[in-house]
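Shown next, in structure tokens, is the structure this report addresses.
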Amino acid sequence: MPVYLIQYSYTPEAWRALVTGTAERDRHKAVEPLLRQCGGRFPRLTFDGDPPIVIQDKFVAFGESDVVAIVYFPDNERAAAFAMCVLAGGAVTSFKTTPLLSLDDAIKAMGVAGQAFPAYSPPQRKP
């Protein structure tokens, strides 16, 4: 299942619209039609615990990015299309998409890398 971490930051004008209430403040509701049009969705994430923590949303963040979300897209092309649409809207200053691997897929990649690594010759510092 292709899952992506998306991170983006709003322009000052977008923040002004959100703060003054001239734009839909529930950006989840505002962006979901575009997400679905591109074949994506916000997955429901459940973390074990007592009680379990269930997340099906994006987060407003303090730091380098204003918004952080985990999203599903069927393929890279649709993930890229979503990013292009958001960027074309002009309300964000940056947009970063990071493909995420499941632990099982990462372990498989480690196995492939372990077999391939002997063929790699890293640059060496000359003595």
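Every number in this text was worked out from the coordinates using simple rules, so none of it is lab data. These figures come from a predicted structure and were not determined experimentally. Virtual Cβ from ideal backbone geometry, glycine too; neighbours counted across all protein chains shown.
Give me the number: length gained by fully extending Lys29 to Arg41, i.e. 0.36 nm times residue separation minus the C-alpha to C-alpha distance, one decimal in nm.
On the way: separation 12, 0.36 × 12 = 4.32 nm, distance 1.18 nm.
Roughly 3.1 nm would be gained on extension.
Under a crude label model (7 Å from the Cα following the beta-carbon direction), how far is Tyr72 from Ile53 in nanometres?
Simple spin-label model gives 2.1 nm for this pair.
Is any residue of segment 46-71 close enough, with backbone N under 20 Å, to a label point placed 7 angstrom from the Cα of Thr98 along the Cα-Cβ axis, and if so, which?
46-47, 55-71
For the chain, list the DSSP H helices whose alpha carbon atoms reach 15 Å or more along the long axis and whose average Kyte-Doolittle value is -0.5 or above?
76-88, 103-116
For Thr93, what charge total do you get from the other residues with a beta carbon under 12 Å from its beta carbon, if Lys and Arg give +1 and Asp and Glu give -1?
Neighbour charge sum, excluding Thr93 itself: -2.
State, to one decimal in nm, how far the label point of Cys85 lies from the label point of Glu13, with both points 7 Å from Cα in the Cβ direction.
2.1
Per residue, what volume in Å³ does the Cα convex hull of the chain take up?
Dividing the Cα hull volume of the chain by its residue count gives 205 Å³.
Ranked highest first by the average count of other Cβ atoms within 10 Å around their residues, in what order do 1-10, 88-97 fall?
Result, highest mean Cβ count within 10 Å first: 1-10, 88-97.
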